[in-house]
Amino acid sequence: KRGAEKITVAEPCNKLPRPAPSLPTEPALYSGPFPFYRRPSELGCFSLDAQRQYHGDARALRYYSPPPTTGQSPNFDLRDGYPDHYQTRDEEVQERLDHLLHWLLEHRGQLEGGPSWLAGAIVTWRGHLTKLLTTPYERQEGWQLAACRFQGTLYLSEVETPAARVQRLNRPPLLRELMYMGYKFEQYMCADKPGGSPDPSGEVNTNVAFCSVLRSRLGNHPLLFSGEVDCTDPQAPSTQPPTCYVELKTSKEMHSPGQWKSFYRHKLLKWWAQSFLLGVPNVVAGFRNPEGFVCSLKTFPTMEMFEYVRNDRDGWNPSVCMNFCAAFLSFAQNTVVQDDPRLVYLFSWEPGGPVTVSEQRDALHAFLPTWYVEAMTQ
Ligand code: 0WD
Ligand code: CA
């Protein structure tokens, strides 16, 4: 009798609900050697025009045209033209992966390695990967990533968190102006033609974008992603994208060693993650004074950014960023097993906690558009 009981007591244990899987994000857990990251190569590009319409070409690409280094220091008024010459993208429109999928649909037959390569790849925006890279060090903003598998490929698309939506809808006017100033800086630094001069008189329109589409691999995860590129340098040592691309940034002028230290710890991490993923070799920073003028420029080579925090106990480590990202991608690959574009898993993260996941079977969360799924099924 006893023996039979022993067997039956073991049974209910197997029927206990499994604890929901989650992924921890503490930096200490990811400090191994730097993982393999394939040098990103450009597969193609596309442009979005002033009406946010897609074009399968480089028409929105601009050309790096900094002021002469021999002359006086720059004096760019970043508030000039605000708000009259500011046209902003309609942020209520959730574009998700649509523009990238448009490109993919038109080029799926020409991918290196054939369609079987795509079946094993992860498709997403570069900006989503940037958020993953910085997660172990992020203390302010959480994120949500929706994931689904379709014809083998894992698609990752960000979902705006309720907190981010509240922040966006209540964006203070000064923050809106600050966003304008970032785009205005691009206008002072870029020309429409190679060798041309910048024309800061025109409109700032945030619908316009040039996006590069790249292939890479992190560990054993083949990647196909797209990222917005500010400009190309016609005088770069190599004219081969993405090594000719330049990322432009603005930041507050700094006056004390403490301000620089904080800049290296927080801003450079984000700049590094964003540009490293895409293979952009240089970030050119314009430092603005309290009046909104850029009076100094500094180039930060992406591969040298880590040096500023290498000996800082409270700095960041590229290996941690990349190892965490690889761990998340494995976590996602192992969670999203069923091949079904309507079955979405929502990965959620808030600072201080682990990444959690929930299954979403409602149509609300499905993010691959019907036009894409149907065309791919032909
Ligand atoms: O729908 C969404 N949830 C998202 C759409 C989230 C992130 C990006 N996008 C779109 C953008 O509208 C843009 O067309 O994807 C494209 C860019 O993707 P990305 O390169 O992966 O994004 P990211 O690296 O975060 O940003 C690159 C640049 C930004 O430059 P700065 O220097 O600020 O990091 O893209 C621009 C911005 O200039 N950008 C945007 N422009 C308009 N609307 C947006 C946005 N929401 N986000 C970034
Ligand atoms: Ca930029």
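For region 285-333, what are the residues that are free of Cβ contacts under 8 Å to residues at least 12 places away in the same chain and not in a loop (DSSP other than H, G, I, E, B)?
The answer is GLU304, GLU307.
Mind listing just one residue for me: the one in region 229-264 that is touching a Lys or Arg at 6+ places or on another chain (Cβ under 8 Å) and under 25 Å from TYR54 (Cβ atoms) and, of those, nearest to ligand 1 (Cβ to nearest atom)?
ASP230
I'd like the full set of residues that are more than 16 Å from ligand 2 (Cβ to nearest atom), among the aliphatic types (A, V, I, L, M) and under 20 Å from CYS211 (Cα atoms), limited to region 221-258.
LEU223, LEU224, ALA236
Among (1) loosely packed, with under 14 Cβ neighbours inside 10 Å; (2) in a loop (DSSP other than H, G, I, E, B), which single condition is PRO67 missing?
PRO67 satisfies every listed condition except (1).
Among LEU16, LEU61, LEU48, LEU23, which is surrounded by 12 or more Cβ atoms within 10 Å (Cβ to Cβ) and away from ligand 2 (no atom under 16 Å from the Cβ)?
When all the criteria are applied, what remains is LEU23.
Give me the residue from region 75-98 that is among the basic types (Lys, Arg) and near ligand 1 (Cβ under 10 Å from one of its atoms) and, out of that set, farthest from the chain's Cα centre (by Cα).
Going through the qualifying residues, I end up with ARG89.
For region 143-196, how many residues meet the condition of being exposed (fewer than 12 other Cβ atoms within 10 Å of the Cβ) and in contact with a strand residue (DSSP E or B) (Cβ under 8 Å, 6 or more places away or on another chain)?
Qualifying residue count, region 143-196: 2.
Each reported figure results from applying straightforward, stated rules to the coordinates on display, with no laboratory input. Because the structure is predicted, anything quoted here is derived from the model rather than measured. Cβ coordinates were reconstructed from backbone atoms using ideal geometry, including for glycine residues, and neighbour counts include every protein chain displayed.
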